[in-house]
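The values are calculated or read from the model by the stated rules, or taken from the named source; none is laboratory data. Just so you know, these numbers come straight off a predicted model, no measurement behind them. In this analysis, Cβ positions are derived from the backbone assuming ideal geometry, glycine residues included, and neighbour counts consider all displayed protein chains. The area values use the complete protein model at the heavy-atom level, side chains included, leaving out ligands, DNA and RNA. Shrake-Rupley method; radii C 1.70, N 1.55, O 1.52, S 1.80 Å.
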Amino acid sequence: MNVSDAIKQRRSVRAYKDQAVAPELIEKIFLQAQDSPSNCNTQPWHVVVVSGDVRNNIEKAMMSDIMSGKPPTPHFKPGDQDLKDEYRTRQIACAVSLYGAMGIGRDDKKERQELMAQNWQFFGAPHAAFFSMPKTMSEINAVDMGIYLQSIMLLLTENGLASCPQGALAMYADAVHELANIPENHAIMFGLSFGYADEEAVINSFDVGREELSKSVEFYG
Ligand SMILES: Cc1cc2nc3c(=O)[nH]c(=O)nc-3n(C[C@H](O)[C@H](O)[C@H](O)COP(=O)(O)O)c2cc1C
């Protein structure tokens, strides 16, 4: 698979087969992603990859925090806040595609909440990764995190695997700090659920699409 195919094929996948990925393959993918570029080669990313009991215990702890009404405590400002104009329009269109594919209407509050809660159940994926960077760093370092995330997602695609990047996984980080080693002074920015896609699942059947090129890029000269 070449890069063009991997970019085209990668999509956020929200239902997975109950099939673990070989640990050697997971390690190989993270090893390859170490070649990602970063500002002054600072490589600000630290990742905990969780599988098996640790993954299950983190899911339980996050769900328990949510069910008990504990407020979310993201360190970095979530990407879905204060959106305006075309960004708000696209955010709504994205939600409409997701809920629409699942047959969930605007007023089906309970179903919407249940679907939202699947974020903290890793959408059934057998593996998840939590990405943190030093709390003192800012937007420009977040670029490094994003480039690194895309490297991993494309490598997963190349290896027949699927993933879903999730800002939601930075919302209830206490459980992760308790059950895995997040370096001191780091904060989780996002997570990534991954595994083998359940191709039959309805939730994986929609494509949010993209704006036409001219809305994003202008060429001169
Ligand atoms: C940084 C980041 C955070 C995201 N957070 C979530 C999330 O919390 N939950 C979710 O279901 N999807 C999340 N997504 C997935 C986006 O909704 C998805 O990338 C977008 O709609 C485009 O769809 P595609 O990935 O299928 O091409 C996130 C994506 C990124 C890059």
_As an exercise, identify the trypsin sites (Lys or Arg not before Pro) in the range 48-116 lying in DSSP coil whose Cβ has no more than 15 other Cβ atoms within 10 Å._
LYS84, ARG106
*Of the listed pairs LYS110/LYS135; LYS8/LYS109; LYS8/LYS135; LYS60/LYS84; LYS70/LYS109; LYS28/LYS70, which have alpha-carbon separations greater than 28 Å here?*
LYS110/LYS135; LYS8/LYS109; LYS8/LYS135; LYS60/LYS84; LYS28/LYS70
_Average accessible surface area per residue within the chain, 1.4 Å rolling probe, Å²_ = 59
*Size of electric dipole in the chain: Cβ of Lys, Arg +1 and of Asp, Glu -1, about Cα centre, debye, nearest 20*: 340
*What GluC sites (Glu not before Pro) does the range 146-187 have in DSSP loop regions with at most 16 other beta carbons within 10 Å?*
GLU184
*Looking at the range 135-221, which trypsin sites (Lys or Arg not before Pro) are DSSP coil and have at most 15 other C-beta atoms within 10 Å of their C-beta?*
LYS135, ARG210
*asked:* Could you work out how much longer the chain between ASN159 and ILE140 gets when fully extended? Use 0.36 nm per residue separation minus the Cα distance between them, nm to one decimal.
replied: 3.9 nm
*Have a look at the range 3-206 and give its Rg and Dmax from the Cα atoms, expressed in angstrom.*
16.7, 49
*With all protein chains modelled, accessible area of MET67 [1.4 Å, Å²]*: 150
*Please report, to two decimal places, log10 I(q)/I(0) for the range 132-217 at q = 0.11, 0.25 Å⁻¹ as given by the Debye formula with identical point scatterers on the Cα atoms and no solvent.*
-0.43, -1.27
*In the range 3-206, what percent of the accessible surface is made up of carbon and sulfur (1.4 Å probe, ligands and nucleic acids excluded)?*
52
*Rank GLY209, PHE194, PRO165 by how far each Cα sits towards the positive end of the charge dipole of the range 102-221 (+1 on Lys, Arg Cβ; -1 on Asp, Glu Cβ) and give me just the farthest.*
PRO165
*Local net charge near ASN41, Cβ-Cβ under 13 Å (Lys/Arg +1, Asp/Glu -1)*: -2
*asked:* Above 25 Å lies some portion of the pair distances; for the range 63-184, what is it as a whole percent of all C-alpha pairs?
replied: 33
